[in-house]
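Values quoted throughout were computed directly from the atomic coordinates according to the rules given, and no laboratory measurement underlies them. Here the structure is a predicted model, which is why all the values come from computation and not from measurement. Note that we place each Cβ from the backbone using ideal geometry, even for glycine, and neighbour counts take in every protein chain shown.
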Amino acid sequence: MGALCCPHPSPLSREQDWYNQEPSSAETRSVHGYELNKKIARYQRVKQSYATHSVAVRRRRIYEDAVAVLAAAKESSESHPYVLANERAADLERRLRLQSNKWEQETAHLSSPLQRMTHPSYQAILGMGTESAESKRATIHFLLMDLKNNQRDWFQALSFLTQQNPIDVKDYGKTSKMVASWVKWGEKQGLLQK
């Protein structure tokens, strides 16, 4: 009958044409965009791993430095324990001297022993005496020396810290005899030199 007016291409020939065609500009952009996104993702992974590594290295260095400092401190305290004890004693004595001078300046005009004892500096000195056995002994020694040299009224503080009262009842109100009683007690206890 008749010949076909326009031949239909076979499916095979259509696929071959698709492979042989030049890609359109939209397709090229998507391929290049994919490649670019792939490169960016790879760069970010490398950057993250580098950052993670550098943070880990920095933390490790800080840790090693801290361990070295602790080891040095431990070694120095083991080899020279009296150095640390002397530093602590000097700091305690400085604080005691500061608080006692402040107490004397701020309560010199008061006649009431209760008001003088409730002053914050007086209470701070009592607190320093209860920090440890070492600080208690140092505080008692300081108060006895101050009592002997300056005759400041530390009688209640000494009684509180030592749980003792060497003052004879007939000597109450006589400052020189009260001071002498405490000094004698301190010498007996080995807290003061004769």
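Determine, for the range 85-189, the count of lysine pairs separated by eight or more sequence positions (or lying on different chains) whose alpha-carbon distance falls under 24 Å.
Number of lysine pairs found: 15.
Counting only residues 5 or more places away or on other chains, whose amide H sits under 5 Å from the amide H of N165 once H atoms are built in the peptide plane?
none
So if we plug the beta-carbon distance of A180 and E93 into 1/(1 + (r/R0)^6) with R0 = 30 Å, what FRET efficiency do we get, rounded to 0.05?
Efficiency, rounded to the nearest 0.05: 0.80.
Arrange the following residues from fewest to most other Cβ atoms within 10 Å of their Cβ: L191, L158.
Starting with the residue having the fewest Cβ neighbours, the order is L191, L158.
Would you kindly derive the ³J(HN,Hα) couplings of the range 177-187 from the backbone phi angles with the Karplus curve 6.51 cos²θ - 1.76 cosθ + 1.60 (θ = phi - 60°), listing them in order in whole Hz, with x for Gly and Pro?
6, 5, 5, 4, 5, 5, 5, 4, 4, x, 5
In sequence order, what are the phi-derived ³J(HN,Hα) couplings for the range 125-142 according to the Karplus relation 6.51 cos²θ - 1.76 cosθ + 1.60 with θ = phi - 60°, rounded to whole Hz, with x for glycine and proline?
So the Karplus estimates, Gly and Pro as x, are 5, 4, x, 5, x, 10, 5, 7, 5, 5, 5, 5, 5, 5, 5, 4, 4, 4 Hz.
Using a basic spin-label model with each label point 7 Å from the Cα along Cα→Cβ, how many nm lie between D65 and S132?
In this crude label model, D65 to S132 measures out at 2.8 nm.
Could you state, as a whole-number percent, how many of the C-alpha pairs of the range 85-189 are farther apart than 17 Å?
Here the long-distance tail beyond 17 Å is 51 percent of all Cα pairs in the range 85-189.
Please give the peptides 112-118, 46-52 ranked by average Cβ packing (other Cβ atoms within 10 Å per residue), highest first, as a rough proxy for protection.
Output ranking for 112-118, 46-52: 112-118, 46-52.
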